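Reviewing the structure listed below.
Readers should treat all values here as calculations from the given coordinates under stated rules, not as data from a laboratory. As the structure is a prediction and not an experimental result, all values here were calculated from the model. Methodologically, a virtual Cβ is constructed for each residue, glycine included, from the backbone with ideal geometry; neighbour enumeration extends over all protein chains shown.
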Amino acid sequence: MSTELAPIAVITVTYSPGPYLKAFLDSVPGATTLPTHVVMADNGSTDGAPEAAVGPGVELFDTGGNIGYGSAINAVARHLAGRRQAGEINDEYFVVSNPDVVFDPGSLDLLIDAAQRWPRAAAVGPFIREADGSAYPSARAVPTLSNGIGHALLGGIWADNPWSRAYRADSDMSSERPAGWLSGSCLLLRWDAFEQVGGFDERYFMYMEDVDLGDRFGRAGYQNVFSPGAQITHAKGHAAGEHPETMLPAHHESAYRFQADRLTGPLKSPLRVAIWTGLKLRSLIAVANARLRNG
């Protein structure tokens, strides 16, 4: 493809990403024949890695503090609006990715090819390999009340419980297919669909914002498409492992928010209270266990 084409934006949210960031940035050029413009939405890094990475085609955008993942993506989307209107940024697609991702060669081009095959796809996601080479189940059904809360409450202590099995039931990782939602660790998104649904819900600090976005895409008549031909490697959860006192409560609060938004009205108030109480207790236990593991 011609380098005269407008570059596709690649937005990554940084929070002291360390050496992961360099590996991420080094992998971007080989992932697509399109020119790219990487924007690092920095949520308060203290390790100097984002500042050191600034260069041609790599921009640092200071969000003003740790405002959360979805809020940081939205802030950059607003930041790029003028450049999109001026034709300086690709106005059809953009990419959101964690900075601990490494793209396989050609992977972004394959995501774009898939988006063109699925014209109603608002989001297209790749096959995600964990650091140990195993597949991460990144394309799942939207959680229901029973399997979503059952998985959230028991998944960490009883891996094979029936609710977690149901939550993971839509886990075919071998074929290109629509899914209820796709992992936000790496997504190709259509600008028009993203804007139509209002972007990420900024009430989610971290976690479940991708589930919520996928669900809202589906409710708006779009599709979320898993495309396993495109592949990446993801060092999943390094931020959560380093900051459990922040990330674990955020995970549980997001799980509550997702269900509470779908269980509205006074008649369902007791159910919302029960969900909040159970998740709050589980969050306290999870943080205590993480502190014990970390000494």
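Side notes on the structure shown:
- Near the amide H of G44, within less than 5 Å, lie the amide hydrogens of T63, G65, all on another chain or at least 5 residues away, with H placed in the peptide plane.
- Counted by neighbouring Cβ atoms within 10 Å, the residues L248, L213, L263 run from fewest to most as L263, L248, L213.
- Segments 28-37, 53-62 sorted - mean Cβ within 10 Å per residue, highest first: 28-37, 53-62
- Per-residue Cβ neighbour rank within 10 angstrom, fewest leading, S174, S269, S97, S45: S174, S269, S45, S97
- Shape descriptor for the stretch 1-134: Rg over Rh equals 0.95 (Cα atoms; Rh from the Kirkwood inverse mean 1/r).
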